[in-house]
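Down below is the structure, laid out as structure tokens.
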Amino acid sequence: MDLELSDDQFELRDNIRTVLEGACPPSVVRAIHDGDGTADELWAQMVELYWPALGVPEAAGGLGFGFVEVGLLAEELGRAAAPGPLLAVVSQYVPMLVEVGDAELLATAASGERVGALAFAEQGRWTTDAIGSSASNADGEWRVSGTKAMVLGGEYADVFAFVARADAGIGVFLVDAADAAVTVPGSIDPGIGLADVACADTPARLLIGPGPAAEAALDLVAQAAAAAMALHTVGACRRIFEVTLEYAKVREQYDRVIGSFQALKHRFADMFLAVERANAVGYYAALAIAEEDVDRSSAVSTAKAAAGECQRLIAEDGLQLHGGIGYTWENDLHFLLKRAKAGDILCGSTAFHRAQLARHLGLIEASS
Amino acid sequence: MKLQFDESVEAFRAEFLGWLDENRPPVEEMQTDPLRSSAYIPEWSRTFTQRMFDDGWLVPGWPPERGGRNAGPIETLVYMEELSRARLPRTANPQGLGIIAPSLLDYGTEEQIEQYAMPLLRAEIAACLGMSEPDAGSDLANLKTRAVLDGDNYVLNGQKVWTSGAGYADFCFLFCRTNPDAPKHKGISIILMPMDTPGVTVRPLKEIVAPEFPDLAEVFLDDVVLPASNIVGDVNNGWAMAGGSLAHERSMVWLMGVMNIESAMVELLEVAPTRLANLPIEERAVAADALVGSHIDAVAARCLGYRGFARYVKSGSAPEQALMKAYTSEARRDLVRLAAELFGPDALQAATGRYGATGSLDAYFESFGTTISAGSSEIQRNIIAERVLGLPRG
């Protein structure tokens, strides 16, 4: 058992970080939050660097990296509070296509030619039993109906992998964004393209299912999405922790830097633990996915719950210890606070994943 | 990154498990004469430790003549995993094996190694660690016990406190002040003090649990005369050696913390479903969620601990090291508390191992031993803030 990143993985992380520091400084994020910028230029650079292709198998024109590397990318995107569709593509859409095994779609995702998003959750729940959207087949043509709220990357998507229930069970369908009603409700974090996607008898192409195969595939995809979101959240948290620590070393009150007060030191020690802890569990989950380990579902829920705990402590202490300056729009802190909170809520809340763990551990039975 | 250990490591594990099968101490003997102090060595434990020494399983990373087999760090890790799973203590004298013997091997003379370190490793004798004093707990550099040179001897006067196992130990690895005029950190030496030396008085301190088996003690030194040849390493270099001694302990303590919380969780999960099944559904959900919190703690401790261990092996240092002591001891305390709460009124019965390590309030109160001793959680947080995060001393 080796839970440390390899030298190659560290190098990949450093490369991603360096690129994002140049291409996605806080000013780029600020422009999005101020409503006078787009993620287009950043996305174009990411495509040029083959980042959407990271987890796409080589046979389908991708770079063929494992899920740990996808996790590294997710973490760094969180650290930069980066805007754009990349997180949705690499952690939701591509894993879905990999389960479907559609090389052609994977190739267009890898090349950035078509941006895809996964329209799965309903009522915020990442389980197939929550699916109320319907699919029907007439004369060999599929049509889907239903609404998905707050689809990650939905604002940028050209196509959706849309989850709906047919007579024979759950299926995943490809829907052209132009055929669906996509509305951007406005979000506290405008950088991740959250959008509501409504279909009403919308023409669709069957990707997998309907039936148990689709359910099993969605289980795995939900795990990938949650693990990546956990690391994304931790990435934002680590940056909050770093800037708060830097601030505590220079901000003076009562003729001393505030970081010299023991009351704050102990909080920083706890924050550091929370970040390292969630980070270590996050990569354990990513590794469990990469190795298709039998404990992967439990590992993912542990990681998402730990990321949630981390987020609560880091975001709250990070804002609190900044004092008034952190409460202002002019300070960059809030981009990270909002990204971290979004990450905590998306892909299964802490409560959802803790309940999953209670079932895994045999402490409660699954409710029917 | 990978989840599995290499085949060679698994082969090492299998070899150790095979050895354990043959050499495991008889359960009846363990129950009749349990561990009761950090320096009391029951006969079964002495035999077990000696067999480990003879067969190279006591400290696998050391050479055979010192009770090892030149194993690598990863092998040592799986060795500790299996000892923990088997719920077997490799020594009845953890300070002796973990801190004092390695320090003597590093800094001691050949005579000291022959007379003290080797018998310690073979569990023929036990030792205690004389560090804390009434005015030197977390602030070790403030220690006041004086050692004054008089010809070929030192004469010691002073008092130690919280000395684990002093009532059973054969000798004490004692920190004393040999130069009162030097700056605090520079006048400290280490001296070996046989506990039967005239002038040594041990007063046991009953603890809040198991008062019939006091482990902690006060040690009073009243004109205790020791040969100067009992000084370990260089005179006035005790502070630097203390850093070295504790480093030995830390790399192990850190993994032991992970093992301890994992095995406590395993024990808890063995009994929890039955206990929970007796509760109404609403109460069950609340109690189950608390246990989930401990499960997350245990998984995270393993991830953080093993990752830190890999970093430590690779580069000799890891920030995780500083985090693990407070984290694992506090997480274990929380877990043991939850277990006791789950047992309801049964937990109130004074335990004599009736429910094993978890489920009794004795186990809960006992768990504070690890959050307080060997650098309290508060000191650990100061260390993290100042040495790892670079915050200024206040």
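I want the local charge near B:TYR168. Using Cβ-Cβ distances under 10 Å, sum +1 for each Lys or Arg and -1 for each Asp or Glu among the other residues.
Net charge in that neighbourhood comes out at -1.
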Nearest 10, in degrees from 0 to 90: the angle of helix A:7-23 to the longest Cα principal axis of chain A is 80
Ranking A:ALA280, B:THR32, A:PRO185 by how far each Cα lies towards the positive end of the charge dipole of the protein assembly as shown (+1 on Lys and Arg Cβ, -1 on Asp and Glu Cβ), the top one is B:THR32
With only helices counted (DSSP H, runs n ≥ 4, each -39500 (n - 2.57)), the per-residue ellipticity at 222 nm for the protein assembly as shown, to the nearest 500, works out to -15500 deg cm²/dmol
To the nearest 10 degrees, the tilt of helix A:262-290 (Cα long axis) against the first principal axis of the alpha carbons of chain A is 30
Treating only Lys and Arg (+1) and Asp and Glu (-1) as charged, each at its beta carbon, one finds that region A:120-256 has a dipole about its Cα centre, in Debye to the nearest 20, of 500
Among A:ASP255, A:ASP189, A:ASP102, the residue with the largest mean-square fluctuation in a Gaussian network model of chain A built from Cα contacts under 10 Å is A:ASP255
Excluding ligands, DNA and RNA, the carbon-plus-sulfur percentage of the accessible area of the protein assembly as shown with a 1.4 Å probe reads 52
Listed residues B:ALA92, B:ALA228, B:ALA326; largest mean-square fluctuation, Gaussian network over chain B with Cα springs below 10 Å, found at B:ALA228
For region A:149-202, the dipole about the Cα centre with charges only on Cβ (Lys and Arg +1, Asp and Glu -1), to the nearest 20 debye, works out at 140
For B:LYS325, counting only lysines whose alpha-carbon sits under 28 Å away and dropping same-chain residues fewer than eight positions off, the answer is A:LYS249, A:LYS265, A:LYS304, B:LYS2, B:LYS144, B:LYS160, B:LYS184, B:LYS186, B:LYS206, B:LYS314
In square angstrom to the nearest 100, the accessible surface buried at the B/A interface, both sides summed with a 1.4 Å probe, amounts to 4300
For peptide B:281-292, the mean count of other chain Cβ atoms within 10 Å per residue Cβ is 4
Summed over the other residues with a beta carbon less than 15 angstrom from that of B:ALA71, with K and R at +1 and D and E at -1, the charge totals -4
A chain fully extended from B:TRP19 to B:LYS206 at 0.36 nm per residue, minus the present Cα-Cα distance, gains in nm 63.5 nm
Within 10 Å of the Cβ of an average residue in B:320-327, the count of other chain Cβ atoms is 3
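Based on the mean of other beta carbon atoms within 10 Å per residue, what is the order of A:271-280, A:299-308, most packed first?
In descending order of packing, they fall as A:299-308, A:271-280.
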Packing-ranked peptide list from B:330-340, B:45-55, A:122-132, highest mean Cβ count within 10 angstrom first, is B:330-340, B:45-55, A:122-132
Scoring only Lys, Arg, Asp and Glu (+1, +1, -1, -1) among other residues with Cβ under 10 Å from the Cβ of A:ARG30 yields -4
Output field shielding_mean for A:297-309 (other chain Cβ, 10 Å radius) holds 3
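What size of dipole, in debye to the nearest 20, comes out for the protein assembly as shown about its Cα centre when the only charges are +1 on Lys and Arg C-beta atoms and -1 on Asp and Glu C-beta atoms?
Magnitude of the dipole: close to 1620 debye.
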Helix A:212-250 sits off the longest principal axis of the Cα atoms of chain A, rounded to the nearest 10 on a 0 to 90 degree scale, by 20
Expected output for region A:242-260, residues with a loss of 50 Å² or more in accessible area relative to the chain alone at probe 1.4 Å, reads A:LYS249
Taking a crude spin-label model, label points 7 Å out from Cα along the C-beta direction, the A:TYR50 to B:ARG387 distance in nm is 4.4
Taking a crude spin-label model, label points 7 Å out from Cα along the C-beta direction, the B:THR47 to A:SER111 distance in nm is 7.5
Mean Cβ-within-10 Å packing, highest first, puts peptides B:195-201, B:167-173 in the order B:167-173, B:195-201
Given Cβ charges of +1 for Lys and Arg and -1 for Asp and Glu, the option among A:SER134, A:SER111, A:CYS237 whose Cα lies farthest towards the positive end of the dipole of the protein assembly as shown is A:CYS237
In the protein assembly as shown, taking the dipole from +1 charges on Lys and Arg beta carbons and -1 charges on Asp and Glu beta carbons about the Cα centre, the listed residue (B:LEU3, B:LEU121, B:ASN23) farthest towards the positive end is B:LEU121
Expected max-MSF residue from A:VAL184, A:VAL250, A:VAL234 in the GNM of chain A (alpha carbon, under 10 Å) is A:VAL250
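The values are calculated or read from the model by the stated rules, or taken from the named source; none is laboratory data. Keep in mind that what you see is a predicted model, and the values were worked out from it rather than measured. Cβ sites come from the backbone with ideal geometry, for glycine too, and all protein chains shown count toward neighbours. Only protein heavy atoms, including side chains, enter the accessible area calculation; ligands, DNA and RNA are left aside. Shrake-Rupley method; radii C 1.70, N 1.55, O 1.52, S 1.80 Å.
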